[in-house]
Amino acid sequence: TNNPSENRQTLQQLLTHLLRALERRDPQQLFAWPVTDRIAPNYSRLISKPMDFETIRRSIQSDLYTSLNAFVADFKLMCENAMTYNQPETIYYKAAKRLLHAGLKLTGPEKLKTLLSALP
Ligand SMILES: COc1ccc(OC)c(-c2cc(C(C)=O)n3cccnc23)c1
């Protein structure tokens, strides 16, 4: 529809659906909350824009994302942060790489066509 509030609701429903699908790919919840300097030394010095699933959820709820691209950008940032801070042989780097690929497939044009066709 061209009703802004309806479109915003639909976008929020789509983003919440995608967020849940992505969170399922992180069963160890390594991306569920912000990484602290306590568990990752110097993290806040090395990573200028931290991102995690809880922050993304809050952004959806406060209508911060006005497009799918903005949501995908934060998801990619979250994965890229982990591939910047952690060495390639760590579980965090490997989990981020897998999550990033799974996420880009989920939000790719092919999959989105089916998702969008299912919307009201
Ligand atoms: C081992 O248990 C946990 C629990 C929560 C975590 O982040 C929310 C992490 C974690 C998550 C990360 C990431 C995502 O870089 N990390 C990096 C170094 C050390 N720990 C982490 C690990």
How large is the accessible surface per residue of the chain, computed with a 1.4 Å probe and reported in Å² as a whole number? 65 Å²
Which loop-located GluC sites (Glu not before Pro) does the range 38-120 contain, where loop means any DSSP state but H, G, I, E or B and the Cβ has at most 14 other Cβ atoms within 10 Å? Glu89
Mind checking the angle between helix 68-85 and the chain's longest principal axis? C-alpha axes, 0 to 90 degrees, to the nearest 10. 10 degrees
Computed about the Cα centre, the charge dipole of the chain from +1 Lys/Arg and -1 Asp/Glu charges at the Cβ has a magnitude in debye, to the nearest 20, of 220 debye
Of the heavy-atom accessible surface of the chain (probe 1.4 angstrom), what whole percent is carbon and sulfur? 54 percent
Could you count how many Lys pairs in the chain have their Cα atoms under 22 Å apart, skipping same-chain pairs fewer than 8 positions apart? 12
Per DSSP helix of 4 or more residues, -39500 (n - 2.57); summed, then divided by the residues of the chain. What does that give at 222 nm, rounded to the nearest 500? -20000 deg cm²/dmol
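The values are calculated or read from the model by the stated rules, or taken from the named source; none is laboratory data. Here the structure is a predicted model, which means the values were calculated and not measured. Reconstructed Cβ throughout: ideal geometry from the backbone, glycine too, with neighbour counts over all protein chains shown. Areas reflect the complete protein model, heavy atoms only, side chains present, ligands, DNA and RNA absent. Shrake-Rupley method; radii C 1.70, N 1.55, O 1.52, S 1.80 Å.
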